[in-house]
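What follows is a set of notes on a single structure, which appears directly below.
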Amino acid sequence: MPHALPHELPNAGGGRWPSATDHFHSAQWGDLEVGYTTTAGPRDCTELYRACGLPGGVCMCPHYGYVLSGSITACYPGTDMEDETAVAGEVYFFPAGHILKYPEQTRHLEFNPAYALQQLMDAIERLADRMKPVQN
(Lines give C-alpha, C1' and ligand atoms only; values in the text may rest on other atoms or scores of the structure.)
Protein backbone atom coordinates (compact mmCIF):
# COMPACT_ATOMS: atom_id res chain seq x y z
CA MET A 1 0.00 0.00 0.00
CA PRO A 2 1.49 3.40 -0.91
CA HIS A 3 2.44 5.85 1.79
CA ALA A 4 4.73 8.86 2.03
CA LEU A 5 5.41 12.05 3.92
CA PRO A 6 3.88 14.89 1.89
CA HIS A 7 7.23 16.47 0.94
CA GLU A 8 8.53 13.05 -0.15
CA LEU A 9 5.89 12.62 -2.88
CA PRO A 10 7.52 12.78 -6.33
CA ASN A 11 8.36 16.29 -7.51
CA ALA A 12 6.19 17.61 -10.35
CA GLY A 13 4.09 14.45 -10.44
CA GLY A 14 7.17 12.29 -10.93
CA GLY A 15 8.18 14.36 -13.96
CA ARG A 16 4.76 14.28 -15.65
CA TRP A 17 4.40 18.05 -15.23
CA PRO A 18 7.93 19.54 -15.27
CA SER A 19 6.78 23.16 -15.14
CA ALA A 20 5.37 22.50 -11.64
CA THR A 21 8.98 22.50 -10.32
CA ASP A 22 9.44 22.21 -6.57
CA HIS A 23 6.08 23.61 -5.48
CA PHE A 24 3.98 20.58 -6.45
CA HIS A 25 4.71 17.02 -5.35
CA SER A 26 2.23 14.29 -6.29
CA ALA A 27 1.61 10.65 -7.07
CA GLN A 28 -1.32 8.76 -8.49
CA TRP A 29 -2.62 6.19 -6.02
CA GLY A 30 -5.51 4.28 -7.54
CA ASP A 31 -8.13 6.75 -8.78
CA LEU A 32 -6.68 9.60 -6.70
CA GLU A 33 -3.84 12.03 -7.27
CA VAL A 34 -2.30 12.75 -3.88
CA GLY A 35 -0.59 16.13 -3.95
CA TYR A 36 1.40 18.40 -1.66
CA THR A 37 1.46 22.00 -2.86
CA THR A 38 3.31 25.05 -1.58
CA THR A 39 3.04 28.67 -2.66
CA ALA A 40 5.72 31.25 -1.91
CA GLY A 41 3.26 34.08 -1.39
CA PRO A 42 0.08 35.59 -2.78
CA ARG A 43 -1.14 33.97 -6.00
CA ASP A 44 -4.31 34.39 -8.03
CA CYS A 45 -4.92 31.64 -10.62
CA THR A 46 -7.51 33.63 -12.63
CA GLU A 47 -5.20 34.52 -15.53
CA LEU A 48 -3.49 31.12 -15.46
CA TYR A 49 -6.80 29.32 -16.00
CA ARG A 50 -7.77 31.69 -18.81
CA ALA A 51 -4.38 31.42 -20.52
CA CYS A 52 -4.58 27.62 -20.34
CA GLY A 53 -7.85 27.75 -22.24
CA LEU A 54 -9.84 26.04 -19.51
CA PRO A 55 -13.56 26.11 -20.36
CA GLY A 56 -15.10 29.18 -18.77
CA GLY A 57 -11.68 30.11 -17.36
CA VAL A 58 -12.29 27.93 -14.31
CA CYS A 59 -10.71 24.79 -12.87
CA MET A 60 -12.58 21.63 -13.79
CA CYS A 61 -11.07 19.52 -11.01
CA PRO A 62 -12.80 19.14 -7.65
CA HIS A 63 -10.31 19.45 -4.79
CA TYR A 64 -10.46 17.68 -1.44
CA GLY A 65 -7.75 18.70 0.98
CA TYR A 66 -6.26 19.91 4.22
CA VAL A 67 -4.55 23.27 4.73
CA LEU A 68 -1.31 22.84 6.66
CA SER A 69 -0.43 26.55 6.74
CA GLY A 70 -1.78 29.72 5.16
CA SER A 71 -5.13 29.80 3.39
CA ILE A 72 -6.86 29.14 0.07
CA THR A 73 -9.86 30.99 -1.33
CA ALA A 74 -12.13 29.44 -3.96
CA CYS A 75 -14.22 31.79 -6.12
CA TYR A 76 -17.06 30.57 -8.34
CA PRO A 77 -17.54 33.06 -11.19
CA GLY A 78 -20.82 32.95 -13.06
CA THR A 79 -22.61 31.21 -10.19
CA ASP A 80 -24.46 32.26 -7.08
CA MET A 81 -21.96 30.43 -4.89
CA GLU A 82 -20.14 32.66 -2.43
CA ASP A 83 -16.35 32.73 -2.23
CA GLU A 84 -15.06 30.44 0.49
CA THR A 85 -11.75 30.35 2.31
CA ALA A 86 -10.10 27.37 3.98
CA VAL A 87 -7.45 28.24 6.58
CA ALA A 88 -4.69 26.33 8.33
CA GLY A 89 -6.07 23.33 10.21
CA GLU A 90 -9.20 23.01 8.07
CA VAL A 91 -10.23 20.33 5.61
CA TYR A 92 -11.99 21.50 2.45
CA PHE A 93 -13.89 20.52 -0.66
CA PHE A 94 -13.90 22.92 -3.60
CA PRO A 95 -16.21 21.63 -6.39
CA ALA A 96 -15.27 21.97 -10.05
CA GLY A 97 -15.93 25.40 -11.55
CA HIS A 98 -13.72 27.45 -9.24
CA ILE A 99 -10.75 29.81 -9.36
CA LEU A 100 -8.19 29.39 -6.60
CA LYS A 101 -6.53 32.32 -4.87
CA TYR A 102 -3.77 32.10 -2.28
CA PRO A 103 -3.69 35.29 -0.18
CA GLU A 104 -0.45 34.26 1.52
CA GLN A 105 2.25 31.62 1.62
CA THR A 106 0.40 28.31 1.81
CA ARG A 107 1.05 24.58 2.21
CA HIS A 108 -1.75 22.09 1.60
CA LEU A 109 -2.33 18.39 1.00
CA GLU A 110 -4.94 17.30 -1.55
CA PHE A 111 -6.67 14.13 -2.68
CA ASN A 112 -8.09 14.76 -6.16
CA PRO A 113 -9.75 12.61 -8.82
CA ALA A 114 -6.69 11.60 -10.86
CA TYR A 115 -8.30 12.07 -14.28
CA ALA A 116 -9.61 15.56 -13.54
CA LEU A 117 -6.32 16.73 -12.05
CA GLN A 118 -4.43 15.30 -15.03
CA GLN A 119 -6.60 17.35 -17.40
CA LEU A 120 -5.83 20.52 -15.41
CA MET A 121 -2.11 19.88 -15.10
CA ASP A 122 -1.77 18.89 -18.76
CA ALA A 123 -3.40 22.21 -19.76
CA ILE A 124 -0.95 24.09 -17.53
CA GLU A 125 1.93 22.13 -19.05
CA ARG A 126 0.81 22.95 -22.62
CA LEU A 127 0.76 26.65 -21.67
CA ALA A 128 4.27 26.37 -20.21
CA ASP A 129 5.47 24.72 -23.44
CA ARG A 130 3.94 27.53 -25.55
CA MET A 131 5.71 30.14 -23.42
CA LYS A 132 9.18 28.59 -23.77
CA PRO A 133 11.52 30.53 -26.05
CA VAL A 134 12.06 28.96 -29.45
CA GLN A 135 15.51 27.35 -29.69
CA ASN A 136 17.39 27.64 -32.99
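Quick notes on this structure:
- Using R0 = 22 Å, the C-beta based FRET efficiency linking residue 132 and residue 51 works out to 0.95.
- Here the contact order of the range 1-126, divided by its residue count and restricted to Cα pairs under 8 Å and six or more residues apart, works out to 30 percent.
- Sulfur and carbon atoms: percent of accessible area, the chain [1.4 Å]: 56
- Taking Lys and Arg as +1 and Asp and Glu as -1, the other residues whose beta-carbon sits under 13 Å from that of residue 10 total -2.
- Phi angles across the range 78-86 convert, under the Karplus curve 6.51 cos²θ - 1.76 cosθ + 1.60 with θ = phi - 60°, into 3J(HN,Hα) values of x, 10, 9, 6, 7, 4, 9, 10, 9 Hz, Gly and Pro given as x.
- For the range 1-93, accessible area per residue (1.4 Å probe, heavy atoms of protein chains only), Å²: 55
- GNM flexibility winner over the chain from 82, 104, 90 (Cα, springs under 10 Å): 82
The values are calculated or read from the model by the stated rules, or taken from the named source; none is laboratory data. Because the structure is a prediction, the values reported are computed rather than measured. Note: ideal-geometry Cβ built from the backbone for every residue, glycine included; neighbour counts use all protein chains shown. What goes into the accessible areas is simple: the full protein's heavy atoms, side chains included, and nothing from ligands, DNA or RNA. Shrake-Rupley method; radii C 1.70, N 1.55, O 1.52, S 1.80 Å.
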